[in-house]
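Working notes for the structure below.
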Amino acid sequence: MESRESSWIEQAQRGDAGAFDRLVQANEGQVLRAIGGILGRCPEVYDVYQDSLVSAFTKLPSFRQESTFSTWLTRIAVNRALNQRRKTRNARQDPLEYADHIPGSEQDASGAMEQSELRRSTERALESLSERERAVFVLKHTHGYKLREIGSMLGCAEGTVKNYLFRATRKLRVVLEPAYREL
Amino acid sequence: MNCEHELEQLILFQAGELQEKEADQVRLQVETCGDCREEFDRIAFLADAPLTPELDKEAIAAARAMAYARIGSSWRHRFRVLADGLSSLARGLRPLPELALGMALIAFGYVLGNSGGGDVASELPATAIVDVHGIEFDEATGRATVRYDRPRSRAVTGNLGDQAVASVLQAALMNGDDNGIRMHALKTVRALASSGTPESDLSDAIVGLVRTEQQEGLRLRAIWALDALYESSTLPEAARESLLSVLTSEAGDGVRIAALNTLMAHEPSRRDAVALRQVVSGDSNPYVRSGAARTLERIGVPLEQLN
Ligand SMILES: [Zn+2]
């Protein structure tokens, strides 16, 4: 696995678009979970993914394999998603209103109702976090990254990341308390 | 009752971030103290919550394909794009019309959900797909008539200041199935541009075409439409960014020239310098290179600063 990835990276660095595509598709789910976790459900997720891939290809010649490709690509995507989030926050006053109008969010089958209810309250709850709190919480709990790794992705110290995690958990604990009680 | 119920320790324990000795201690607390147990369950519940949204596979494939298309056109001179990559690009490009349609649906739902009352808004469900089939611009009155089906044939007449007209034009711009309708919508926006304040959702739809439209002629018209819409006001950030990305990654000379001209006409500033430098040093077209150099001079970035 490790060596196959290495050889794909080397081929991609020599300009083999097919090898780059294999690397991208092998890590697509993980990268999109990071972008989606930070931005929530919105069309910008796909723009950020697109820009991240272009940026990754541009930076590929300088990738020294000091981390796995997936961590490296996720780092690029996370930083782009954070930038996008700042832009969107400034431009759009109430992102929740927007999320509510996305088709499909109301038409789940009745059996999946509870799950979709939880999904919606979670989405709302995540909106109460700052972008960094949100990024840390998502990267910790959906990717299982170590706080140290998250720190290096976001360019901040491990102690700072720890504080983001505490703050995010405290906020979510309050906002999602009703959902927890219903369980 | 000799336990501290320390939330932070419980959080780190749940996250697998404690050293073995500390972890053992917290584990014991969780096993023996009811309060700690409940707090731990609550933290675990938060960690297991659905934190990431469900995404659209087609849109993902389209985003990947667009990225490869951009890579292909801006890096051809440095990297050899192998046949393998090209064929995956061709495969990936097919979902684009669906993506555009999906975007129309989302954006239109948003417009209608927020517009307070126009007759179109009250007639249509928030997630309607509007099938626009005719757009006419009347030079004498300066108004456009847009015909659409939903559920039966209807038409709205007016200019960009009318929410209904702006909304239906926006839906037409996002109609990925019909190039003719997108073309007409762009021409109409341009014709109506001086008649009303630019509608920001409409402007976003045009920016979307500048960024993702496959037909070169339509990309060109989308840029002209932006140019006309903002003739006497500030170009929005998203529009400016789309022009910069055209400048550095578009293959068609005419489209790059239109992007450059539009940028030059709308107060270029120092933040455009990075893209402009790239153009001065790398663009294949001499007109585009010299235009970018002139623009850099105008915004006060001396040419000798370029490497
Ligand atoms: Zn306790």
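See the values below:
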| read-out | value |
| --- | --- |
| Under the span-like rule (Cα at least 27 Å along the axis, Kyte-Doolittle mean at least -0.5), DSSP H helices of chain A | A:17-39 |
| Cα-centred dipole magnitude for region B:4-48, charges only on beta-carbon of K, R (+1) and D, E (-1), debye, nearest 20 | 100 |
| Exceeding the 31 Å Cα-Cα cut-off - candidates A:Lys87/A:Lys162; A:Lys59/A:Lys171; B:Lys57/B:Lys187; A:Lys59/B:Lys187 | A:Lys59/A:Lys171; B:Lys57/B:Lys187; A:Lys59/B:Lys187 |
| Distance between region B:1-44 and region A:1-62 - C-alpha centres, whole angstrom | 37 |
| Per-pair calculated FRET efficiency, R0 = 41 Å: B:Lys57 and A:Arg14 via Cβ, rounded to 0.05 | 0.85 |
| HN-Hα J in Hz across region B:275-285 - Karplus 6.51, -1.76, 1.60, θ = phi - 60°, x for Gly and Pro | 5, 5, 4, 4, 5, 4, 8, x, 5, 7, 9 |
| P(r), alpha carbons of region B:234-307 - 5 Å bins starting at zero, rounded % | 3, 18, 35, 26, 14, 4, 0 |
| Cα-based shape type of region A:108-183, given that a ≥ b ≥ c are square roots of the gyration tensor eigenvalues and the cut on a/c is 1.5 | prolate |
| Pairwise label distance in nanometres, B:Thr141 with B:Arg289, each label 7 Å out on the Cα-Cβ vector | 5.2 |
| Charge dipole (debye, nearest 20) of region B:234-307; +1 at Cβ of Lys and Arg, -1 at Cβ of Asp and Glu | 120 |
| Shielding by partners - mean other protein chain Cβ count within 10 Å, residues of B:16-25 | 1 |
| Peptide B:38-47 - average C-beta neighbours from other chains (10 Å radius) | 4 |
| When chain A is reduced to its Cα atoms, the Kirkwood hydrodynamic radius in Å | 17.7 |
| Residue among A:Arg170, A:Arg85, A:Arg33 with the largest mean-square fluctuation in a Gaussian network model of chain A, springs linking Cα atoms under 10 Å | A:Arg170 |
| Residues B:Thr157 and A:Gln30, FRET efficiency given R0 of 60 Å [Cβ-Cβ distance, rounded to 0.05] | 0.75 |
| Cβ-Cβ FRET estimate between B:Met264 and A:Ser6, R0 fixed at 60 Å, reported to 0.05 | 0.85 |
| Protection proxy ranking of A:138-149, B:178-189, B:34-45 - average other beta-carbon atoms within 10 Å, highest first | B:178-189, A:138-149, B:34-45 |
| Peptides ranked, highest mean first, by Cβ atoms within 10 Å: ranges B:261-274, B:220-233 | B:220-233, B:261-274 |
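Laboratory data are not the source of any read-out in this text; all were calculated from the coordinates shown. Note that the structure is a prediction, hence the values are computed from the model and not measured. All Cβ positions, glycine included, derive from the backbone under ideal geometry; neighbour counts span all protein chains shown.
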